[in-house]
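Report on the following structure.
The values are calculated or read from the model by the stated rules, or taken from the named source; none is laboratory data. A quick note: this is a predicted structure, and the numbers were derived from the prediction, not measured. No Cβ is skipped: glycine too gets one built from the backbone with ideal geometry, and neighbour counts run over all protein chains shown.
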């Protein structure tokens, strides 16, 4: 009798817990499933804007060209250098120096002398050369100094906007002229649902929010309560109980 009473309390408790958890976290579960489905359907190449902007620099360095020695390039640097690499920037060979403090400086690979930082016309030129879509860049180029939901990389950065169906925005580094970000309508849709998925509604990047952990724990409790109810209400188990009652009565 005591065992039956304990099982009854367990059944009632699991049923109440399952019902209330379903009411409380049901909406977030729906958001998790729908956002996860959407993010799995959208091709990641389209989210990154690879169909509109070619980020990689495919130009090569002529091995027959004479360059300044690494020693002369390093001698013209304003401080300790962590890395020196040779590359090209619109066909011009350049030496890219990563300083000890993490900043990047560009030097002319032929003379070893420092180059000017990337200005607005040059950033516009970079974006135009990389763009593969049907739109055209707007007249103004913005120098973004503060972080936003669209770009959370190293600041400041040049932002070039294109007039196309996806309102494409290309972010160009003022240090080395590289494209460091591409934002499209598809990316914004993906990022919106990503924020809902991880429950970081402001910055869309913190996966360890208290809300996320609380609702994840609630989802686990909901699943455990459901398993308990499934066990208690399993048809064969109920049939054995009914058969046992009939045997006792007989």
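Miscellaneous remarks
- Residues located in segment 180-218, provided they are in contact (Cβ under 8 Å) with a residue 24 or more places away in the chain and touching a helix residue (DSSP H, G or I) at 6+ places or on another chain (Cβ under 6 Å): 186, 187, 190, 193, 196, 197, 199, 204, 215, 218
- Subset tally (residues that are touching a strand residue (DSSP E or B) at 6+ places or on another chain (Cβ under 6 Å) and either farther than 19 Å from residue 97 by Cβ or at pLDDT below 90 (or both)) for segment 111-123: 1
- Residue in segment 63-82 that is closer than 24 Å to residue 129 by Cα and surrounded by 15 or more Cβ atoms within 10 Å (Cβ to Cβ) present: no
- Residue in segment 52-59 that is in contact (Cβ under 8 Å) with a residue 12 or more places away in the chain and over 21 Å from residue 177 (Cβ atoms) present: no
- Single unsatisfied condition, residue 101 versus (1) surrounded by 13 or more Cβ atoms within 10 Å (Cβ to Cβ); (2) modelled with pLDDT of 90 or more: (1)
- For residue 137, the criteria (1) at pLDDT below 90; (2) surrounded by fewer than 12 Cβ atoms within 10 Å (Cβ to Cβ); (3) touching a strand residue (DSSP E or B) at 6+ places or on another chain (Cβ under 7 Å) hold in every case but one, which is (2).
- Test for residue 110: is it in contact (Cβ under 8 Å) with a residue 12 or more places away in the chain, surrounded by 13 or more Cβ atoms within 10 Å (Cβ to Cβ) and assigned to a loop (DSSP other than H, G, I, E, B): yes
- Total residues in segment 67-92, condition outside any strand (DSSP E or B) and either modelled with pLDDT of 85 or more or farther than 13 Å from residue 110 by Cβ (or both): 15
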